[in-house]
Every structure is written in structure tokens, then in C-alpha cells.
């Protein structure tokens, strides 16, 4: 399997607004390619030498033959290409080249760009030198050119301060009609010795001088700086806040959508887990890619719409407009929830608490709402009875014909979750929650409810290092008392806040009060 590189230069024409170009590239075009298993990473670089084309994108490919297969070729057909992509690409001069990897040398301390945060200065200032060479049509001269890189040039460049990696490529075997050339890519840290003594020495040796005279037919050199790192999950918000961006927009499969707004842009898409489960998400709020992120995890049987009114209130507060907000659908909403057993690492209110205990280096603070640190003995029977109720009703989705939870459990569940007063004063708020429960996949529910039957994280709580807050609806059964004990069990202690006139979903019944508590807590964390 020949490894290699997809190398794409792009020069937008004057008719194409910058916001549209970047939104299309970062939200639609790039992520589609990063979802392919043979595309390991993707980067955009912007020229710093004043030459055109101004932009270049690099994609490392684990098997170049895959670029000739249907999975990849379909990306360039109407099956995948949207009208926006067609109109946008008609306003771009595109150069596309394929290369096989010939040789490479990396610093012992090399750290791949895809493993660095976008906000890391060592990422943002990354320098890339691209040298394209055509040798005289003689296999021996081409071989000498390669030997010079391997035996002399790479090693001498490695002495240049800030040097990270050098790679040598040649026109791919799968692209036999393309002119044969080599491409050398040299990556440097923001602070480097380019132009210094070590670099000058590498650029002036007898062997190099002989190559320039006898072997090299033509040569070009470009300098670039890192601009963007692609991922399979779109995260571009800045372009969506620009006045000249086109939207709203949706992919042909409807799985990715954008919502332009000057004040609250949003993008909806999905990630794919290691075991092949698609997890939809919605990202909105601050457009700065370095802005802190608030992640909202919905409980079983509902969707991310339980957070709608809370997010509206939360982001309307000036002090909260510095945040990005991510909501995602936990496993069990849809029938495709994977084949492995589901535990509390995957879903529910206790997932938030558990995540802070397992990954303290990634979480600044947590807020756990209406949950428990261990499953009562009665849980297994209670959830089993609910599953049996659904199976007996036998409700199905009218479109997919797949089994769904149905009306009986939806009615019983919402009656249990909300205070009676809410049914009298907020029927329009509760109705969508009941509908979410009713339409939940029965297969997904049966699979995911395993997580709630037996778990216990009290030992982990005793060694917690992440500060937290617990919130409970005043009318959520015994949970206020249970969570008071949880707050005491957390190492260092935590506070419990009670939301009056609320049951199991206080963010739905009392979004303003819930937002008050969350805002106060996050304000203290940021101090």
C-alpha cells in the first residue's frame, strides 16, 4: 500500500467572498475527506511569500490506490457535491497533485500538527517550505537527487534551529499522466533558524551545486504558514458570523447543517466513534476557536432540545457570550448505538461526573444534574419493566417502520419527570419532551439502558481533582437528599443547588433559574 500525499492549491477569484470560501472549505469540503479511513489528517496553509496560489491543502494518505476507488471518487460527483460546492469551486482556480512518499526524517521530539491544538502558538506559527523540482529525464540523475536528500540534505537541515521534519515525495504512480517531479516539504517551528548559518550551510555544498548544474531541470520554492487543521467534525463558526456568508446550508445527506448569524452562529454535524456509531452534535456561540467550551449531555430517552430554553437564556447573558456550547445526542437515541455493552462512560447525567473523574486534564469543571453516583438495586427491575411496557405496546416509526418507545412509557415518564404545576402552566414546553421520549428508538433504548442498571463511581469521587457543582430539581423524588450526600462524597466537597418548582429536568421547567446557578458557578471557576 503506497503511502503518499494529496496536495491541493487554491486561489479564490475576486467574485468569491472570503467568508463563503472558508466556510465551504472548513465545514463541507475538508471534513468529508477526513471521514475517509485512509486520510489520516488534513491541513490548510497560507502563503507568506506574496506569490499565488495563496492557499495549499495537504492530506496524508495511507493507501494511494484508495484515491482511485469509488468511495473517494464519489466525493467528486453529484451524490455528495452540493450546489454550494459547485458554485464555490467555479470561483476558485484549483491545482491538484498526487505524490508517493519517497523519504522522510523527523526530529526525535517531533509532534504531529494534528496532535496540537489550533490555539497553540506552536501550531499557529508553523512554517512550511515546499520545494518542487524537475530533474533531467534520466533515472540515474533522479536517483542521485534522492540520495542527496537522504545522505546529506535532510541531515544538514536537521541542524537548523526549529526544524521539525522533512519529507520527499514524487509524482504518484496512480497519476501516470502527470509530469514527473519531486516535492520536498520542510516543517519548522515558529521561531527557527531559517536564513541562519546552519541553514545557509545546508543550502551551499559541493554536492548541491553539482545537482543544480547537472541534474535539476527546474525548481520552485514556496513558503507557507499554518492556517487551519481539518477534522471530520466541522467546527468553523467565525465565517458563519460574517455578513457575506451563504446560508443556511445543508449537506446532501442532511447530516451537516449551518446556521449563519451575526450574534449566534451554529453548525450541526456528527462524529463517528471508534466502533462506528454516529453521534450528532450542535456547536454554537462564540466564534473564537480558542473560546472555552460548555458541553451539554442529554439524559436517556430525550434529545438535545431539552437544553433549548436554557441555552437561549445562558447565551443572552453578556458574561456568557465568551463560551462555545456543544450539545450532542447520547447513545440510545437512535437504533444504531453500537454492538458493545453500554456503560456510564457513554451517556446520562452521571456521565458528566464520571468524565471529570476519568479525564481531569481535559475538564476544568463539571455540573451534574439530577443523577446518582451509584445505581440502586431497584434500577434493573424498574428499567426492565419499562422496556416490557414498550415491547407490549409495539409502537413503530411510520417512516422507518422501526420499533419506538411509544405513547404509554412517554406519558408515564413525563408525568414522573415534571411537577403537576408544569402540566397546567407550561404544556407547550413539556409536549416536545414527551414527543422525544415517544419517538426514541426502542432498540437504542434497550441497548443504552444497560448503563443505568448497575454502576458505582463513589470510589472515584473520593479522589476527584476537578471542581464540581450538583443541581437537583426540588421535586425530583429522593434525589435532592441523595445528591447532598454526593456533594459531600466528592473530594474537597461540592455545593448542591436546588431548583424550586422543578422535577427531573430543571433546565426545561425553570431555564432562567438553572441559568442563574450555572452562570454563578462558572463565574467562580473563571476567577
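The values are calculated or read from the model by the stated rules, or taken from the named source; none is laboratory data. Computed from a predicted model, the values in this text were never measured in an experiment. For neighbour counting, all protein chains shown are included, and Cβ atoms are generated from backbone atoms with ideal geometry for every residue, glycine included.
Assorted remarks:
- There is no residue in the range 113-131 that is farther than 23 Å from residue 55 by Cβ and either at pLDDT 95 or above or touching a strand residue (DSSP E or B) at 6+ places or on another chain (Cβ under 8 Å) (or both).
- Test: residue 20 is out of contact with any strand residue (DSSP E or B) (no Cβ under 8 Å at 6 or more places or on another chain), surrounded by 15 or more Cβ atoms within 10 Å (Cβ to Cβ) and at negative phi: yes
- Test result for residue 58, under 24 Å from the mean Cα position of the chain (by Cα), within 20 Å of residue 251 (Cα to Cα), assigned by TED's automatic domain parsing to the domain that holds residue 175 and surrounded by 16 or more Cβ atoms within 10 Å (Cβ to Cβ): no
- Of everything listed in (1) within 18 Å of the chain's Cα centre (by Cα); (2) farther than 30 Å from residue 52 by Cα; (3) in contact (Cβ under 8 Å) with a residue 60 or more places away in the chain, the single unmet condition for residue 290 is (2).
- Screening the candidates 145, 153 for the property of being assigned by TED's automatic domain parsing to the domain that holds residue 112, crowded, with 16+ Cβ neighbours inside 10 Å, under 14 Å from residue 214 (Cα atoms) and in contact with a helix residue (DSSP H, G or I) (Cβ under 8 Å, 6 or more places away or on another chain) yields one hit, 145.
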